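Reading through the structure tokens given below for one structure.
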Amino acid sequence: MSGALLQVQGLGIGLTRRGATVPLVEDVSFAVRQGEAYGIVGESGCGKSTTIRAVIRLLAARVRITAGTVAFEGNQLAQASEATLRPIRGAGIGMVFQDPLTALNPVITVGQQVAEGLRTHGKGGRDGGRERTQEVMRLVGLPDPQRIAAAYPHELSGGQRQRTAIAIALACSPRLLLADEPTTALDVTIQAQILRLLSDLRKRLGMALILVTHDLGVVAQTCDRVAVMYAGRIVEEAPIARIFKAPAHPYTVALLDSIPRGSRAAHPLHPIAGMPPDPAQKPPGCPFAPRCPRRSTVCETTFPSWTRHSGGGGFACYHPMEAGHG
């Protein structure tokens, strides 16, 4: 994509286990423009969090990038040194982790944690970043920033902890924000507040957002485009309106059918039978084939090539839904 802020091409990520490499993510490609909100959805274990962690190389032990490139503002990150990555983490790319209660340090005050990135990137100023710390806390809607800055994470509500995690990620004014399941473990009312906050901040600050979630309803409220991941691969990508009106991949359709809508009598839920495959035991063809009602012999032997949608994006399927043809 011309002029992309972030360009991921052919990304492969593997886990080294018993002397062999188990592929966790395979041939993932996507791009995000300045100011765009891009969603990545799929069931747990499909590689969503691993993919965005690879962007800033915050991968678990024994997990490494095995193929492909990651370019941020023209800087190649996949094989970059720690010295190259250090000024980009936090200042160029911020990240909101899944569970703020475990992501925040329980023995350091909230204010110190928000200010840590400012000090790391030399933006603290003479007051150690106190003024900017309180400014960014106000920005994310935390009341009485001076009081909350002196508090510890366990003294805050779940919504306040999540806002604190967002404040930490925004302290150094990144151009791209990675949000990994930012509404996990929050009640419905607080989830809606956090999603509105992320949307408002993106528009106000002009930053790009990558939102990882298992919930297509969350993506519908927040994102411009969405990638659907299954078993470590992107199986469909499209503008958000197309995903909901004319999905092509049977897995995308299955995710949509599993979203609660209205009364159960009028709109019964259709759970997806089975489970995603173990990364070490993926089938040779399309990994969704064992669960797919449209599968044929070719699906079980060869992974499908990428077919482009007429309005952008595309899908990888031999038997797409008729409305999905572009």
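Report the gain in length on full extension from Ala60 to Asp257: 0.36 nm times residue separation, minus Cα-Cα distance, nm rounded to one decimal. Difference between extended and current length: 67.6 nm.
All other residues whose Cβ lies under 10 angstrom from that of Val253 are scored, Lys and Arg at +1 and Asp and Glu at -1, for a net of -1.
Scalar couplings 3J(HN,Hα) for segment 239-245, obtained by applying the Karplus form with A = 6.51, B = -1.76, C = 1.60 to θ = phi - 60°, are x, 4, 5, 5, 4, 7, 8 Hz; x denotes Gly and Pro.
With all pairs of different C-alpha atoms in the average, the Kirkwood value for the hydrodynamic radius of segment 55-99 is 11.5 Å. Annotation: amide H of Leu5 within the under-5 Å range of Val32, Arg33, Gln34, sequence separation 5 or more or interchain, hydrogens built in the peptide plane.
Averaged across orientations, what area in nm² does the convex hull of the alpha carbons in the chain project?
On the way: hull surface 72.0 nm².
For the chain, the mean projected area of the Cα convex hull comes to 18.0 nm².
About its Cα centre, the chain has a charge dipole of approximately 340 debye under the convention of +1 per Lys or Arg Cβ and -1 per Asp or Glu Cβ, with nothing else charged.
Could you report the chain's accessible area per residue, 1.4 Å probe, as an integer in Å²? Don't jump to the answer; show the numbers that get you there.
On the way: 14970 Å² over 326 residues.
Here the residues of the chain average 46 Å² of exposed surface.
Seen from every direction in turn and averaged, the convex hull around the alpha carbons of segment 196-326 projects onto 9.4 nm².
The local environment of Val32, defined by Cβ-Cβ distances under 11 Å, has a net charge of +1 under the rule Lys, Arg +1 and Asp, Glu -1.
Using Cα-Cα distances under 8 Å and only pairs 6 or more residues apart, what relative contact order does segment 126-258 have, in percent? It rounds to 16 percent for segment 126-258. Here the Karplus relation 6.51 cos²θ - 1.76 cosθ + 1.60, evaluated at θ = phi - 60°, turns the backbone of segment 20-34 into coupling constants of 10, 9, 8, x, 9, 9, 10, 6, 8, 9, 6, 9, 10, 8, 4 Hz, with x for every Gly and Pro.
For His309, what charge total do you get from the other residues with a beta carbon under 12 Å from its beta carbon, if Lys and Arg give +1 and Asp and Glu give -1?
Net charge around His309: +2.
Amide H to amide H distances under 5 Å link Ala91 with no residue, where only residues 5 or more positions off or on other chains count and H is placed in the peptide plane.
Averaging 1/r over each pair of different alpha-carbon atoms in segment 238-308 and inverting the result gives 13.9 Å, the Kirkwood hydrodynamic radius. Roughly how many Å is it from the Cα centre of segment 227-294 to that of segment 13-79, as a whole number? If you average the Cα positions of each part, the centres end up 21 Å apart. Most simply put, the chain has about 60% antiparallel DSSP beta bridges, counting only bridges with both residues inside it. The residue among Phe288, His319, Ile234 whose Cα reaches farthest toward the positive pole of the charge dipole of the chain, with charges on the beta-carbon of Lys, Arg, Asp and Glu, is Ile234.
Percentage of Cα-Cα pair distances in segment 166-267 greater than 19 Å, rounded to whole percent? List each step's numbers first, then the result.
Details: 2517 of 5151 pairs.
Counting every Cα pair in segment 166-267, those more than 19 Å apart make up 49 percent.
Distances between placed amide hydrogens fall under 5 Å for Lys282 paired with no residue 5 or more residues away or on another chain. Couplings 3J(HN,Hα) of segment 54-62, computed from phi: 5, 4, 10, 6, 9, 9, 5, 4, 6 Hz, in residue order, whole Hz [Karplus 6.51 cos²θ - 1.76 cosθ + 1.60, θ = phi - 60°; x for Gly and Pro].
Taking the empirical scaling 2.2 N^0.38 Å for compact globular proteins as reference, segment 143-194 has a Cα radius of gyration ratio of 1.19. In percent, rounded to a whole number, the relative contact order of the chain is 19, using alpha-carbon pairs under 8 Å and six or more apart.
The values are calculated or read from the model by the stated rules, or taken from the named source; none is laboratory data. Every value quoted in this text rests on a predicted model; they were computed, and no experiment measured them. When we count neighbours, we look across all protein chains shown, and the Cβ atoms used for this are built from the backbone with ideal geometry, even at glycine. Surface areas here come from the heavy atoms of the whole protein model, side chains and all, with no ligands, DNA or RNA. Shrake-Rupley method; radii C 1.70, N 1.55, O 1.52, S 1.80 Å.
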